[in-house]
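*Asks:* Would you mind keeping the following structure in view while I ask a few things?
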Amino acid sequence: MSEIRRRSLAKAISYRIICIIMLSIITYLFTKDVIQMTSIVVVFQSIQMIIYYFHERAWERIQWGYEP
């Protein structure tokens with residue numbers, strides 16, 4: 001059983017959308033500045049999406065936990 005790369009990417013994007021919303025709310029509450037909030041969210045979420053994608057692909061190579 002394995003996932004295709006598009007599925008891993010779709011999962012990463014959907015998860016990032018949830019994280020973007022949460023980080024936007026939290027950042028705005030601290031900064032009260034939409035421009036600063038946007039800058040922080042864009043940079044942080046871009047990095048996180050890339051890391052998550054490669055994390056998923058690495059776990060796809062690990063057979064531990066799969067039933068035959």
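*Asks:* (1) exposed (fewer than 12 other Cβ atoms within 10 Å of the Cβ); (2) assigned to a helix (DSSP H, G or I): which one isn't true of Gly65, the others all being true?
*Replies:* For Gly65, the failing item is (2).
*Asks:* Looking at the stretch 13-27, can you tell me whether even one residue there is of a type in the set (Gly, Ala, Ser), modelled with pLDDT of 95 or more, in contact with a helix residue (DSSP H, G or I) (Cβ under 7 Å, 6 or more places away or on another chain) and surrounded by 13 or more Cβ atoms within 10 Å (Cβ to Cβ)? Give the steps one after another, and end with the answer.
*Replies:* Going residue by residue through the stretch 13-27, those that are of a type in the set (Gly, Ala, Ser) are 14, 24.
Right, trim to modelled with pLDDT of 95 or more and you get 24.
Those left that are additionally in contact with a helix residue (DSSP H, G or I) (Cβ under 7 Å, 6 or more places away or on another chain): 24.
Those left that are additionally surrounded by 13 or more Cβ atoms within 10 Å (Cβ to Cβ): 24.
Yes; the residues of the stretch 13-27 include at least one that is of a type in the set (Gly, Ala, Ser), modelled with pLDDT of 95 or more, in contact with a helix residue (DSSP H, G or I) (Cβ under 7 Å, 6 or more places away or on another chain) and surrounded by 13 or more Cβ atoms within 10 Å (Cβ to Cβ).
*Asks:* What residue, of Tyr53, Tyr28, is of a type in the set (Ser, Thr, Tyr), in a helix (DSSP H, G or I) and under 28 Å from Ile4 (Cβ atoms)? Can you show your working first?
*Replies:* Details: Tyr28 fails: under 28 Å from Ile4 (Cβ atoms).
Of Tyr53, Tyr28, the one residue that is of a type in the set (Ser, Thr, Tyr), in a helix (DSSP H, G or I) and under 28 Å from Ile4 (Cβ atoms) is Tyr53.
*Asks:* Give the residues of the stretch 31-41 that are over 18 Å from Ser14 (Cβ atoms) and surrounded by 11 or more Cβ atoms within 10 Å (Cβ to Cβ), sorted by residue number.
*Replies:* Restricting attention to the stretch 31-41, the residues satisfying the condition of being over 18 Å from Ser14 (Cβ atoms) are 31-40.
Within the stretch 31-41, Thr31, Asp33, Val34, Gln36, Met37, Thr38, Ser39, Ile40 meet the criteria.
The values are calculated or read from the model by the stated rules, or taken from the named source; none is laboratory data. All figures in this text were calculated on a predicted structure; none of them were measured in a lab. As a convention, Cβ positions derive from the backbone with ideal geometry for all residues, glycine included, and neighbour counts pool all protein chains shown.
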